[in-house]
Structure formats: C-alpha cells, structure tokens
Amino acid sequence: MITTRVFGKTSRGEAVRLYKLENSRGEYAELCDLGAVIHSIVTRDRWGRLGDNVLGCPDVEHMEGKSFKGATIGRCANRIAFGRCRLHGQEVQLEVNEAPNILHSASGNYAFKLFSASIDPIKNSVTFSYKDPGPEGYHDNVDVKVTFTFDDTSALTIHYELTPERETVLCPTNHAYFNLSGFGDARDMWLQLLSTNRAHRGAGNVPDGGLDPVAGTAYDFFIPRTLRSAMGDTVKGYDDFYVLDRIRKDNLIAELYSPATGKVMHTFTDMQGAIIYTPTNCDTRPDKSGITLPPYGAVCIECQFVPNAVNCPEFDSPVFGPGQKLVTETVYKFGVR
C-alpha cells in the first residue's frame, strides 16, 4: 500500500512529499522526493515491535543543502582526485568543493535536487526521476531514474538507471545512516563485510588503484565483530573504501546485527565497492526523532564504484557514453534473529 503526504516546502516554495510504502506486515519505508531520500525504514524487532532503522532530518529546512542522511548521491558519489579526469578524449576539470577534490558531485549533488515521482501500487514502488544537467565541468545531461521497492520480505530494493548523452562518470549510491538498535550508540552492532582489501589512498587522500589487505587490522570485518571491538583504542571512526570480494552468487556483501533488538540487515549489491562510514558528528545535527544523538549514532554501508575509479584502470570503470546505460541495484533486507 502506498500513501503520500506533504512534508514541507523548499526555499523556492516547491512542495516536498513523502511516499510511504507499506507491506503486509505493517512495516514500511518512507521516501522523499527531495534528494530521493530514504526518510525511514520501519520494521519489526524480535518481539514484534515496530521501530525505525535509519536516521533522518526533522523537516525540509534541515535537508535542503545541509544533509546527506538517506540521500541519493550522484552523479558521482564520493571523491575524484583533484577534480580531474579524462572524458571524451580530453582532460576535464570538475568543480572542486572539498579542496583539493570534488566530493559527491559538488553543486550537482542529487541530495539537494527535487525529483519528480511516479508510484506503482502493484509493485509497491516509487520511481524518482531527474534530468541532470551536470555540475561545472561535465557540460552534458543524464536521465536519472531511481526506483525504491519495499516488499513483504522486508526488503528495500534500490534500482538505479542512469542514461548519459555524452561520455561521463556515473557512480550513484545511497547515504542511509543505519542503526538497528534505535537512536543510540551504534558501535555495539555486529558487522560482517565480505571484503579482504581496502582501496589504498594516494594523492589527494583518495584511492589510487592499490589495495591494502585488512586481515589482522582494525578494518577487518570478514569475520563478524562489533564496531566497538574493531575500533579498540586505535581507530576513532571509519570512512573507508572496501573492494568487495564478490564471492556470493546472490550478491550478498554485508550483514549488520543488533543484539539489543535482534534485527538483522543483509546488504546485496552488484557494485564493486562499499564504503563503511561511522559519523562522529550525529550530536550536532537535528534528527527526526527529536533525540540528541550520541557521536556514533549510525553506520553507513554505501554501495558504489570505488571512489576515483575514473582515474584507476585497476578498478571497474564508472565511465559511460552515448548509447550506454548504467543499471545497478542494491538491496537492504531486514529480518530478526
């Protein structure tokens, strides 16, 4: 079942709406057309109680131009070193917004764009569409469609279709802040990530094509453990780029588990990389819960091409040209243990 409601207005007076996709178990996901945002994912815990699994903004004012919580990031998520790459046979200088790099496509970031929406009650899905004119340096259009489906298996599927007019970099992701334990410290959740290597950081502090094995380090989650025990006294937080081993035919790459609620989230993706990020500043940004969050209030599992892959031929290429279309899918499936 799909219902809609007005969430607020942008600074330009445009109406912003939330789309609620409910399954037969009374669980639901709420999606917002501003930023194609995952606003909430409400599922049952081991006692059958409903509870939210993601952080979110309390209103449009705190979303517009200010937050990446739950947002669709594109056209190229994360960083490109020094904002430079080769496209259509020449070096292109892109807009730099996090010196010396470009982050999340700078002013072109989808997180701050208003999408048009169409719903499919049969599939229990909503499709957000946007004509991306590109930030400074790209000078081309990309047709963007992001479809969210929430089903009776408690799975939220994100299906991306991006079609460029000219050769460009396409690397979308979603920036959901997950906490299966509620609105508290997320470090006692257990994480398993099927990756034995991080992408090595080079010039500009972005991947340069090399790999760093994680075995025996604080970055090793191949065997499940809590974020707190992995961090120990050496790591203050994670913002790391993992190259996935892709050893599962079903594309399962990660499991997140909360002993407090019994909730489990399995992540499936056909992408090569996943970024593990533990935001340390959750307490400085208002949350939709109205609760003052602790510093480690969530963990992000962002599935995408490896950052800066456009400059690293060792990784899967995020470059697509005329007549090509990027089609990729990520699934977050919830259950209990």
**Request:** Among the residues of the stretch 57-108, write down those that are hydroxyl-bearing (S, T, Y) and farther than 18 Å from N174 by Cβ.
**Result:** S107
**Prompt:** In the list G321, G290, which residue meets the criterion of being touching a strand residue (DSSP E or B) at 6+ places or on another chain (Cβ under 9 Å), surrounded by fewer than 24 Cβ atoms within 10 Å (Cβ to Cβ) and among the small types (G, A, S)?
**Reply:** G321
**Message:** Kindly evaluate T269 against the criterion of being among the polar types (S, T, N, Q) and within 19 Å of T196 (Cα to Cα).
**Reply:** yes
**Request:** For the stretch 292-311, name all the residues that are of a type in the set (S, T, N, Q) and in a strand (DSSP E or B).
**Result:** Q304
**Message:** Please go through the stretch 11-56 and give me each residue that is farther than 23 Å from S258 by Cβ and either touching an Asp or Glu at 6+ places or on another chain (Cβ under 6 Å) or surrounded by fewer than 16 Cβ atoms within 10 Å (Cβ to Cβ) (or both), ordered by number.
**Reply:** S11, R12, G13, E14, A15, R17, L18, K20, S24
**Item:** Any chance R225 is at pLDDT below 95 and basic (K, R)
**Value:** no
**Request:** Considering every residue within the stretch 297-305, establish whether at least one is acidic (D, E) and more than 18 Å from the chain's Cα centre (by Cα).
**Result:** no
**Request:** Return only the number of the condition from (1) acidic (D, E); (2) surrounded by 15 or more Cβ atoms within 10 Å (Cβ to Cβ); (3) assigned to a loop (DSSP other than H, G, I, E, B); (4) at pLDDT 95 or above that E329 does not satisfy.
**Result:** (3)
**Request:** Name the one entry in G70, G83, G74 that is farther than 23 Å from V206 by Cβ and among the small types (G, A, S).
**Result:** G70
**Item:** strands (runs of 3 or more DSSP E) fully within the stretch 74-136 counting 2 or more residues that are closer than 30 Å to I2 by Cα and touching a Phe, Trp or Tyr at 6+ places or on another chain (Cβ under 6 Å)
**Value:** 125-132
**Request:** Select from the stretch 262-291 the residues that are of a type in the set (S, T, N, Q), within 23 Å of V42 (Cβ to Cβ) and assigned to a loop (DSSP other than H, G, I, E, B) and list them in ascending order.
**Result:** T278, S289
**Message:** Which pairs turn up if I take residues in the stretch 269-294 that are over 26 Å from L211 (Cβ atoms) and modelled with pLDDT of 90 or more and look for partners that are crowded, with 19+ Cβ neighbours inside 10 Å and not β-branched (V, I, T) with beta carbon separation below 8 Å, at least 6 apart in sequence or on another chain?
**Reply:** K288/H39; K288/S40; K288/L55; K288/G56; K288/C57
**Complete:** Within the stretch 148-173, of all residues that are of a type in the set (D, E) and touching a Pro at 6+ places or on another chain (Cβ under 8 Å), the one farthest from G323 (Cα to Cα) is E167
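The values are calculated or read from the model by the stated rules, or taken from the named source; none is laboratory data. On a predicted model such as this, the values are computed, not experimentally measured, just so you know. Backbone-built Cβ (ideal geometry, glycine too); neighbour counts: all protein chains shown.
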